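Report on the following structure.
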Amino acid sequence: MQRFDLYQEEYHASPLENVWIEFKRSHLAVVGLIFIIIFLLITVLVPIVAPYNPDLQNTNALLLPPAWEASGSVSHLLGTDALGRDVFSRLLYGIRVTLGSSLFIVFVAMIIGVGVGALAGLLRGVRSSIVNHLFDSIMSIPTLLIAIIVVAIMGTGLYNSMFAITLALIPQFIHQTRSFVKEELSKDYVLLDKLDGAGSVRIFFTSILPGMFELIVIQATIALSIAILDISALGFLSLGAQNPTIELGQMLSQSLNAAYVAPWLIALPGLVIFMMVLSVNIVGEGLRSALRNRFKH
Amino acid sequence: MIKLFIRYINLMVITIFALVLLSFMLPFFFPGDLLTNISGITPQSLEQRQALEKAFALNESIFVQFQVYLSNFFAGDWGVSSVSQLNLYDEIAYAFPATLELMLYALFVATFVGIPVGFLSGLKHHNPADMGVVTFSIVGYSFPVFWLALVFITLFCLQLEWLPMSGRIDLLFEVKHITGFVFIDIILSDLNNTKEAIENAFRHAILPTLSISIVTTCLFIRFTRRSIMDVMQKGYIIAAKSRGFTQWQIFIKHSFKNALIPILPILALQISTLVTNAMIVETIFSWPGIGNWLIQAIYQQDYPAIRAGMLVVALFVLTLTITLEFITRAIDPTKDETARAAV
């Protein structure tokens, strides 16, 4: 933003800095951000952080309750499961798989979605309406249904469930990008580009894309929370990750047999999923209101 | 208006056609014998195989096959399940109303709790109660549905023993399957203990409904709140205030309807989330619905059942979404009439 510059020491924050200043004002959002950073660190550093090998069976301590219960032990902080494996280590590895695959999915869906969305926005006529109709109809098909079809064709497994969820996430990005591009195309600065002789590809990359950054980031946080929930839901229904892969939803469904004697085996993985989704949602919400209010001050 | 209607009908027909085409193509991608994937019958002899091939026109061109598929589909002949050998049309007609029922309960709760709470908190925004509602709604839609359902089960069924854990109604009540909706069936089937049966069915419905509706309600609260806050800042609200209308008059006359318009299309998008959640919750509570049925089908690799079930659910969701979108467009005078129809 160009302003009249009378004093040398006057400093104008860039739009991105404005967002950060506004974001910091909400303490809750900062807490959410810290949680996300912790989860990301776990994802990267899990072999160092985890106290045990997640597949190591301690046959002397089956179904050990968490350390704060009377019969618990400090050597297994969150207890052990029915095969004597350390729950804490398994949770950390589960975070790695669930969060890591969700991040990957969102990234892929974002690239494809923005690309196709830009194409749909720039195209005119019949081709545009074909692309739009196709993806709009996919958008309203429930994720679980797409997953069921993909699993029926390709079999169960983490990668197949990731593929299904990517398919389900892409249309959201396409929709957002398309309507944004359509809106921007009628604005004056794009007209200026056109008068300068820019083609539609150049218009998109140099003029429209930089302004779309924030929209994409917000959509990505929404998509991330959906991806985490869906990956774990498919794992829970045993359509997604299979043994020996450790995934939070799948951990939960495998502890169902021991639900009577070991309720913490159900409570803990679900709680971790809940915390991940909650922190992503809080950060997304903080970001949205920061973007809304950043030029107010 | 008529032009709009035709545009939406057109969209609906094209999408339905695309879905039917997709479901026609599915058996070609499924692993295993094509004939079994289509018919659900594993032929025991060469004669039977040839008869089946003839019935499904497998030796003819792909267009003839599609034609046969279409005519079978519209005649209600959707093949048989490859596991149970039961007629798929009857199976789905049995399972689908149960899902619909569950979704209706959840939508009912979400609409009559979510929208009023959203309005209240949006009108009185930035006071402590509103902050509480906002926090609650962020927490509420972060819950993994399957975990929430399991927590409810451990709490209310295993620990407190207040509510039943699975099914729609106790087996003691011999409710005949007439419409598929359990409450209507109870009344129609003329039991001598109708009152107890209704109470029992109600107790069975509480936990599944609660598990699905918490997420949807929180989303409704957020959309409504945002929408009413946007509307209250508009010029015509300030104009109405300056003319001396009370807050209540402004709300009824001006802001209520205007705030509802942007909510409707977002609600239409939530239908698919609602269906997914209903399907997951059904498997946990053994609710005899289509989600439970489809997931059993995939465990047993029952391909004809997957194809028919997928087609029905997808058709249902799409029809509902397009209809809602049409209604929104029809009642909203500000929308551009020439804009293209979209799901």
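The values are calculated or read from the model by the stated rules, or taken from the named source; none is laboratory data. As the structure is a computational prediction, the values presented were derived from the model and not from experiment. Please note: Cβ atoms are built from the backbone with ideal geometry, for glycine as well, and neighbour counts cover all protein chains shown. Surface accessibility is based on the protein's heavy atoms, side chains included, excluding ligands, DNA and RNA. Shrake-Rupley method; radii C 1.70, N 1.55, O 1.52, S 1.80 Å.
A few remarks follow.
- Residue count for the stretch B:137-148, restricted to those that are part of a helix (DSSP H, G or I) and within 14 Å of B:Thr216 (Cβ to Cβ): 4
- Single residue of the stretch A:246-261 satisfying the filter (at pLDDT below 85 and away from chain B (no Cβ under 11 Å)) that is most open to solvent (accessible area, probe 1.4 Å): A:Asn257
- Criterion applied to A:Ala82, A:Ala13, A:Ala67 was being out of contact with any strand residue (DSSP E or B) (no Cβ under 9 Å at 6 or more places or on another chain), without any contact (Cβ under 8 Å) to a residue 60 or more places away in the chain and in a loop (DSSP other than H, G, I, E, B), and the one residue passing it is A:Ala13.
- All positions within the stretch A:240-295 that are closer than 22 Å to A:Pro47 by Cα, in a loop (DSSP other than H, G, I, E, B) and of a type outside the set (S, T, N, Q): A:Ala241, A:Pro244, A:Ile246, A:Glu247
- For the stretch A:142-160, a residue qualifies if it is away from chain B (no Cβ under 12 Å) and open to solvent by less than 20 Å² (accessible area, probe 1.4 Å), and exactly one does: A:Gly157.
- The condition of being open to solvent by less than 40 Å² (accessible area, probe 1.4 Å), of a type in the set (Asp, Glu) and either over 22 Å from B:Arg222 (Cβ atoms) or away from every other protein chain (no Cβ under 14 Å) (or both) holds for only one of B:Glu91, B:Glu101, that being B:Glu101.
- Listed here are the helices (runs of 4 or more DSSP H) enclosed by the stretch B:1-81 that have at least 1 residues being farther than 18 Å from B:Ile306 by Cα and of a type in the set (Ser, Thr, Tyr): B:2-29, B:62-74.
Here is a yes/no grid of residues against (1) more than 28 Å from the chain's Cα centre (by Cα); (2) at positive phi; (3) open to solvent by 30 Å² or more (accessible area, probe 1.4 Å):
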site: B:Met12; (1), (2), (3): no, no, yes
site: B:Val20; (1), (2), (3): no, no, no
site: B:Ser39; (1), (2), (3): no, no, no
site: B:Asn59; (1), (2), (3): yes, no, yes
site: B:Val64; (1), (2), (3): yes, no, yes
site: B:Val83; (1), (2), (3): no, no, yes
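- If you filter the stretch B:112-122 down to residues that are farther than 27 Å from A:Val280 by Cβ and open to solvent by 50 Å² or more (accessible area, probe 1.4 Å), you find that the one that is farthest from the chain's Cα centre (by Cα) is B:Leu120.
- Taking the stretch B:124-149 as the range and being facing another protein chain (nearest Cβ under 10 Å), open to solvent by 30 Å² or more (accessible area, probe 1.4 Å) and aromatic (Phe, Trp, Tyr) as the test, the residues that pass are B:Tyr141, B:Phe143.
- When restricted to residues that are over 30 Å from B:Arg222 (Cβ atoms) and either acidic (Asp, Glu) or in contact (Cβ under 8 Å) with a residue 40 or more places away in the chain (or both), the stretch B:158-182 contains 13.
- Being outside any loop (DSSP other than H, G, I, E, B) and touching a Ser or Thr at 6+ places or on another chain (Cβ under 9 Å) holds for only one residue in B:Ala98, B:Ala106, and it is B:Ala106.
- Test: A:Ala29 is assigned to a loop (DSSP other than H, G, I, E, B) and in contact (Cβ under 8 Å) with a residue 60 or more places away in the chain: no
- Members of the stretch B:285-301 found to be more than 9 Å from every other protein chain (Cβ to nearest Cβ) and open to solvent by 10 Å² or more (accessible area, probe 1.4 Å), listed by number: B:Ser286, B:Pro288, B:Asn292, B:Trp293, B:Gln296, B:Gln300
- Filter result (within 16 Å of B:Thr99 (Cα to Cα), within 14 Å of chain A (Cβ to nearest Cβ) and not hydroxyl-bearing (Ser, Thr, Tyr)) within the stretch B:150-187: none
- For the stretch B:269-284, filtered to residues that are more than 8 Å from chain A (Cβ to nearest Cβ) and within 18 Å of B:Leu320 (Cα to Cα), the residue that is most open to solvent (accessible area, probe 1.4 Å) is B:Gln270.
- Any hit, the stretch A:197-216, residues being under 20 Å from the mean Cα position of the chain (by Cα) and surrounded by fewer than 16 Cβ atoms within 10 Å (Cβ to Cβ): yes
- Across the stretch A:218-226, not a single residue is classified as at pLDDT below 90 and outside any helix (DSSP H, G or I).
- Subset of the stretch B:254-266 that is hydrophobic (A, V, I, L, M, F, W, C) and surrounded by fewer than 23 Cβ atoms within 10 Å (Cβ to Cβ) - its residue that is farthest from the other protein chains (Cβ to nearest Cβ): B:Phe256
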